[in-house]
Amino acid sequence: MARSTAMEAERLTLPLLIFTFLTLAAASSTNQIQILNAERRIDLSSHIVKVFLTLKVENVGTTSASEILLAFPPSQVDQLALVKAQIAIGKKKKKSYVHLEVNPTELPDTPNGTKYFRISLLNPLSSGGTATLEVLYILTHVLEPFPAEISQSESQLVYFRDSALVLSPYHIKQQTTFIKTPSTKVESFTRVEPTKLAGRELKYGPYEDRPPYSFSPVIVHLENNSPFAVVEELLREVEISHWGNIQITEHYKLVHAGARHKGVFSRVDYQSRPSFNGVSSFKHLVASLPPRVHSVYYRDEIGNISSSHLRTDYRKSELEIEPRYPLFGGWKATFVIGYGLPLEDFLFESPDGKRYLNFSFGCPLAESVVNKLTIKVVLPEGSKEPSAVVPFPVEQRLETKYSYLDVVGRTVLVLEKKNVVPEHITPFQLIYTLIFPYASENAPEARFCNLVVIYVPVFDIDMLILPSLSEEGDSFTCLIMRN
């Protein structure tokens, strides 16, 4: 009985010790760092809000520091699409930047549900040392249309909510926030002196000696007529054929996520004065495609849409598309874009037999937000052990797809990610191997045998078709044997 009681006490004490250690470590980390200067620039030019944060940090503790914490209010966590950081190395003309690893983290006893990201420094910051960090984070769906409904001739006004002070777990000696607006039309804004509006820039600060977790909410009511293009769901199917082609099929569900349109739409007014009647709408989008693209099509449920223009050169291709009607707030459009690419530009084979597919992640449409992106890479039949290397967290799973004359089906690697922005358009790599007899040099023979198996019973031939391997095991033949 006494032994079991001691074991139970030990079991309860261990988590308490771990929690106490983490609390002390977090407190020690925040106490040994202070921010000498923080400069934040918020770009509201489009519906995708980009925030550039420059931090000059100093280690005022007695031990070296290997990480810096970024804090975000809970209202922004779900809208965070991307957080990147880099550190400046060198001075003036010899200055360069090195990307740093950024990961979400949790701390005990966080005030008001604050969420954190941990920046891992390239080298530990010694006691008394300083470093300059450049941080970029992107917010989506944070601009709130107000009024929520507008007519065809009205401009779109939005609310932007944030803080005049940078939320941080560290003491900030000096800080300034700049907000860039799309136009000079600013209806109202919260004043936290010193505050200054000049042209398209709203300045908060400088503020000095602010303690940790200082927060001063502000609201800016401004005009923003940029296209609020949101793809509710995008399915990109990348089908690889070892006959020399990659076929891309993209299914879009597009919506204008701005202020909803009210009243009657007049096409006559829209076409006569589009800059006044429909200033918040958009009627065309640009998709950036790889070079050497071919067999491009653009269609919807009705059929082919001819209002598209393709421009190509040796570096890139641009497809300008126009929906059948201009999109106002709340209006939706569903369409498909398809095109082919030469296999040799994207697929490579190593001496050990592995195949490497280098392709781009993200959505080709410029200045668009994708609520849910699904990429399905359809591999040739016989592919095995597929794995993808993506520079940010994504969900991965395997499926099987059957096509013409397939026997065991084609392996499909599925990648899924939510809240995707243009900065997510980065290369990713897919690695797989191809088992015999489905290797590219034997695929025609395998398809021929499948064809014979299908058609022999039709002609009522009393034969048996069997695949056979040669003695060397390096070729695939089809034997026709009589019973």
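Lys283 fails exactly one of the following numbered conditions: (1) surrounded by 11 or more Cβ atoms within 10 Å (Cβ to Cβ); (2) within 16 Å of Val336 (Cα to Cα). What is the number of that condition?
(2)
Scan the range 117-129 and tell me whether some residue there is among the β-branched types (Val, Ile, Thr) and either exposed (fewer than 14 other Cβ atoms within 10 Å of the Cβ) or modelled with pLDDT under 95 (or both).
There is no residue in the range 117-129 that is among the β-branched types (Val, Ile, Thr) and either exposed (fewer than 14 other Cβ atoms within 10 Å of the Cβ) or modelled with pLDDT under 95 (or both).
Within the range 107-116, take every residue that is more than 30 Å from Val230 (Cβ to Cβ) and not β-branched (Val, Ile, Thr) and give me the one that is most open to solvent (accessible area, probe 1.4 Å).
If we take residues in the range 107-116 being more than 30 Å from Val230 (Cβ to Cβ) and not β-branched (Val, Ile, Thr), then Asp109 is most open to solvent (accessible area, probe 1.4 Å).
Return the total of residues in the range 51-100 being open to solvent by 50 Å² or more (accessible area, probe 1.4 Å) and at positive phi.
1
Could you please find all residues in the range 308-325 being open to solvent by 70 Å² or more (accessible area, probe 1.4 Å), out of contact with any Asp or Glu (no Cβ under 6 Å at 6 or more places or on another chain) and assigned to a strand (DSSP E or B)?
Scanning the range 308-325 gives Leu310, Thr312.
Given (1) of a type in the set (Gly, Ala, Ser); (2) closer than 24 Å to Ser45 by Cβ; (3) at pLDDT below 90; (4) surrounded by fewer than 18 Cβ atoms within 10 Å (Cβ to Cβ), identify the lone condition not met by Ser288.
In the conditions (1) of a type in the set (Gly, Ala, Ser); (2) closer than 24 Å to Ser45 by Cβ; (3) at pLDDT below 90; (4) surrounded by fewer than 18 Cβ atoms within 10 Å (Cβ to Cβ), Ser288 misses (3) alone.
Considering every residue within the range 327-334, establish whether at least one is of a type in the set (Ser, Thr, Tyr) and either in contact with a helix residue (DSSP H, G or I) (Cβ under 6 Å, 6 or more places away or on another chain) or surrounded by 15 or more Cβ atoms within 10 Å (Cβ to Cβ) (or both).
No; the residues of the range 327-334 include none that is of a type in the set (Ser, Thr, Tyr) and either in contact with a helix residue (DSSP H, G or I) (Cβ under 6 Å, 6 or more places away or on another chain) or surrounded by 15 or more Cβ atoms within 10 Å (Cβ to Cβ) (or both).
Say we look at the range 326-354 and pick out the residues that are assigned to a loop (DSSP other than H, G, I, E, B) and either among the aromatic types (Phe, Trp, Tyr) or touching a residue at least 40 places away in the same chain (Cβ under 8 Å) (or both); which of these is nearest to Pro145 (Cα to Cα)? Step through it out loud before you land on a result.
Initially, the range 326-354 is screened for residues assigned to a loop (DSSP other than H, G, I, E, B), giving 326, 328-331, 346, 350-354.
If we keep only those that are either among the aromatic types (Phe, Trp, Tyr) or touching a residue at least 40 places away in the same chain (Cβ under 8 Å) (or both) as well, we get 326, 328-331, 346, 353-354.
Details: Pro326: 19, Phe328: 13, Gly329: 10, Gly330: 12, Trp331: 15, Phe346: 42, Gly353: 54, Lys354: 51 Å.
Taking the candidates together, the pick is Gly329.
Does the range 65-79 hold any residues that are out of contact with any Pro (no Cβ under 7 Å at 6 or more places or on another chain) and of a type outside the set (Asp, Glu), and which are they? Walk me through how you get there before you give the answer.
Step one: list which residues in the range 65-79 are out of contact with any Pro (no Cβ under 7 Å at 6 or more places or on another chain), which gives 67-68, 70, 72-79.
Residues satisfying the conditions are Ile68, Leu70, Phe72, Pro73, Pro74, Ser75, Gln76, Val77, Gln79.
Got at least one residue in the range 53-64 being free of Cβ contacts under 8 Å to residues at least 60 places away in the same chain and not in a strand (DSSP E or B)?
Residues of the range 53-64 that are free of Cβ contacts under 8 Å to residues at least 60 places away in the same chain, as a first pass: none.
Within the range 53-64, not a single residue is free of Cβ contacts under 8 Å to residues at least 60 places away in the same chain and not in a strand (DSSP E or B).
Taking only the range 366-423 into account, find how many residues are over 30 Å from His141 (Cα atoms), of a type in the set (Asp, Glu) and either assigned to a loop (DSSP other than H, G, I, E, B) or open to solvent by less than 10 Å² (accessible area, probe 1.4 Å) (or both).
2
Regarding Pro391, is this residue touching a residue at least 12 places away in the same chain (Cβ under 8 Å) and in contact with a His (Cβ under 6 Å, 6 or more places away or on another chain)?
no
If I ask for residues that are touching an Asp or Glu at 6+ places or on another chain (Cβ under 8 Å) and either among the charged types (D, E, K, R) or farther than 21 Å from Pro422 by Cβ (or both), which ones from the range 337-373 would you list?
Gly338, Arg355, Tyr356, Lys372
Mind counting the residues in the range 130-146 that are part of a strand (DSSP E or B), open to solvent by 40 Å² or more (accessible area, probe 1.4 Å) and under 27 Å from Val420 (Cα atoms)?
Adding up the residues that qualify gives 2.
Grab the strands (runs of 3 or more DSSP E) fully contained in the range 147-260, keeping just those with 2 or more residues being over 30 Å from Ile68 (Cα atoms) and open to solvent by 60 Å² or more (accessible area, probe 1.4 Å).
Passing ranges, in order: 195-198, 229-241, 245-256.
The values are calculated or read from the model by the stated rules, or taken from the named source; none is laboratory data. Values in this document were obtained by computation on a predicted structure and should not be read as measured data. Here Cβ is always computed from backbone atoms with ideal geometry, including for glycine, and neighbour counts include all displayed protein chains. The area values use the complete protein model at the heavy-atom level, side chains included, leaving out ligands, DNA and RNA. Shrake-Rupley method; radii C 1.70, N 1.55, O 1.52, S 1.80 Å.
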